[in-house]
Every structure is written in C-alpha cells, then in structure tokens.
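The structure appears right after this line, and notes come after that.
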Amino acid sequence: MGIELYTKGLIQKDGIWYTETRQAISYPDEGNQACFQIEENSFWFRHRNNCIVELVRRYAAGRVFFDIGGGNGYVAKELQRNGIETVMVEPGEQGCINARNRNLKNVICSTLEGARFEKESLGAVGIFDVMEHFSDDRALLANIADYLQKAGMLFITVPAYNFLWSNEDDDTGHFNRYTVSELKRILKDAGFEVDFATYIFSVLPAPIFLFRSLPSRLGMHKNSGEIRKHANEHKSKGSLLDKVWGWELDRIKRNKSIPFGGSCLVVAHKKG
C-alpha cells in the first residue's frame, strides 16, 4: 500500500512519514512513553484490542484502516497482525518511533489535518481514546467526516461517565467523559449513523469511582497508584477477570451490547 495514494507532500525518514508543520495537542509529552511501558502486559489494553479487532473485521473488512492518534501503535499492531492493512497517524514523535519499533509498516507523524489527506479518500478511521482530548469533539467528528468516503466507517472508544471524573482525567488532558446515548447524539449531529454501540469494562466503574473519583473529590492525589494496585489484584485473580472479558467479547461477537462499563465503544458510518 502506498501512502501517496491518500496524501501528498510527506517526507519519509527512518521508516516514518513526517509533515512539515506540527500542531499542539492536548496530551502530555510523556504520555505515550508511560503507556508504552505497560501496554503489553495490561488486561485493559489487551481486552480493548480484542473488542476493536472483532468490530473492525465485521464492519470494515477489506478496507485500509487509519488509526488516528494511534499512540505507540498498540492497536494498529494488532490490526496489522490480524491481516488488516493499517496506517497509524500520531502527532507525538516518540509514539511514532515506538510504533515503528513494533514493526508497523505505515506510520505518519502528524495530526489528521496536518497529514493533508485527500477529502473523501479514507474508507475506515479509528479514534481510540482520542476524542476526549478535544475541547470541540463535534468539530473533530465533522473534520473526520470530510476525509471519509461515502459510507466510510468510524470506530470510537472513549472513557465513560462524567461522574467517574478524577485527577487523572485532568492530568492526561481530558475535556469530557461520555455515555453511549450522548455519543450517538453527537455522531448523528456530525452526519453519522450508528451501527453498533456498547460499553466495555463492565466491572471497572466501581473501582474507578472508589480509587480515582472519590479520592479526587476529597482532595487526595494518590489515586493512580491505588487503581494500579487494584488492577494488579484483579490480575492475580486472572481466571475470574478473564471470564468477564470473555463474556463481553462473546456479546460483541453476537452483536449484543453491554449495558454499562468504564469505556464506550461505538461503530458508525458516514451518511451518504
């Protein structure tokens, strides 16, 4: 696959495509590197990947997939491993380097706008835990719609429920958390029709509230360590947690939604 089919004027260096201009993003510089250190062994990243791959196979088979704001390429790597031609677009250079070290074939160091894709040229786009970093999420979706082909597919994950807001959301540059119904409404306003919508991580809202949200409200700032400790405790009970993730993935495979969870996962298409 040639990047030149979708955009002109990028410069390739050390296996990464670069654009001449760089744009500010609402994400700390050290964020990608912090995630890179935990992704491979994290049940959270692994389960999210399994759910994403299942839905991309169902709704975007045979399309080139553009992972916008792809971080270190953890999602893109799994899509590529499953035979899905994938292009990762990430404005953070360290994330792009990490993705290239994961042997991703197509890496663009840029924002979506900076990559200068041809309008209506992309068949499938993913923004995985990206939209919450934009103060104007509707403008982001409208922008993506401009680049998508007619009936082009959009895949989204975002953190769920504003009552779960904590210091960690502030620290990582979040502007919002969402509900599935809110996402459906925003997507409709931006010219999309929702094909599938669900929550995932059904067991996480309670521990997130207890170990992140509540301490944040009480002025306690040691929440991140507590949630990691909680996650490790669950990891030691892997068989039980694996059953929960297996149940969620099975529901998604059967086109059934999950009524609550720590994240929202939505698939939509651009209305023609």
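The values are calculated or read from the model by the stated rules, or taken from the named source; none is laboratory data. All values derive from a computational prediction rather than experimental measurement. When we count neighbours, we look across all protein chains shown, and the Cβ atoms used for this are built from the backbone with ideal geometry, even at glycine. Please note that ligands, DNA and RNA were not included when accessible areas were found on the heavy atoms of the full protein model with its side chains. Shrake-Rupley method; radii C 1.70, N 1.55, O 1.52, S 1.80 Å.
For this structure, a couple of remarks:
- Residues of the stretch 250-272 that turn out to be closer than 21 Å to Tyr161 by Cα and either of a type in the set (Ser, Thr, Tyr) or not in a loop (DSSP other than H, G, I, E, B) (or both), as a count: 8
- Criterion applied to Ile3, Ile52, Ile16 was being modelled with pLDDT of 95 or more and either in contact with a Cys (Cβ under 8 Å, 6 or more places away or on another chain) or closer than 14 Å to Val87 by Cα (or both), and the one residue passing it is Ile16.
- Comparison of Asp129, Asp137 shows that the only residue that is surrounded by 17 or more Cβ atoms within 10 Å (Cβ to Cβ), at positive phi and not basic (Lys, Arg) is Asp129.
- Summed over the stretch 126-176, the residues that are in contact with a Leu (Cβ under 9 Å, 6 or more places away or on another chain), among the polar types (S, T, N, Q) and in a loop (DSSP other than H, G, I, E, B) give a count of 1.
- All conditions in (1) over 30 Å from Arg212 (Cα atoms); (2) open to solvent by 30 Å² or more (accessible area, probe 1.4 Å); (3) without any contact (Cβ under 8 Å) to a residue 40 or more places away in the chain; (4) not aliphatic (A, V, I, L, M) hold for Glu113, with the sole exception of (3).
- Hits in the stretch 160-171 - residues which are open to solvent by less than 10 Å² (accessible area, probe 1.4 Å) and closer than 17 Å to Val266 by Cβ: Ala160
- Of all residues making up the stretch 68-94, the number that are touching a residue at least 12 places away in the same chain (Cβ under 8 Å), part of a helix (DSSP H, G or I) and more than 14 Å from the chain's Cα centre (by Cα): 3
- Yes/no for Phe155 being open to solvent by 10 Å² or more (accessible area, probe 1.4 Å) and hydrophobic (A, V, I, L, M, F, W, C): no
- Residues of the stretch 44-63 satisfying the condition of being open to solvent by 30 Å² or more (accessible area, probe 1.4 Å) and either touching a Lys or Arg at 6+ places or on another chain (Cβ under 9 Å) or not small (Gly, Ala, Ser) (or both): Trp44, Arg46, Asn50, Glu54, Arg57, Arg58, Tyr59, Arg63
- Taking first residues from the stretch 48-60 that are under 13 Å from Arg254 (Cα atoms) and partners that are open to solvent by 20 Å² or more (accessible area, probe 1.4 Å), the Cβ contacts under 8 Å between residues at least 6 apart in sequence or on separate chains come to Cys51/Leu249; Glu54/Leu249; Glu54/Lys253.
- Phe260 meets the stated requirement of being touching a strand residue (DSSP E or B) at 6+ places or on another chain (Cβ under 6 Å), more than 19 Å from Met131 (Cβ to Cβ) and modelled with pLDDT of 95 or more.
- Single match in Arg228, Arg217 (criterion: modelled with pLDDT under 95, open to solvent by 50 Å² or more (accessible area, probe 1.4 Å) and either within 22 Å of the chain's Cα centre (by Cα) or among the acidic types (Asp, Glu) (or both)): Arg228
- Enumeration of residues in the stretch 95-110 that are assigned to a loop (DSSP other than H, G, I, E, B) and either open to solvent by less than 20 Å² (accessible area, probe 1.4 Å) or within 12 Å of Asn49 (Cβ to Cβ) (or both): Leu104, Asn106, Ser110
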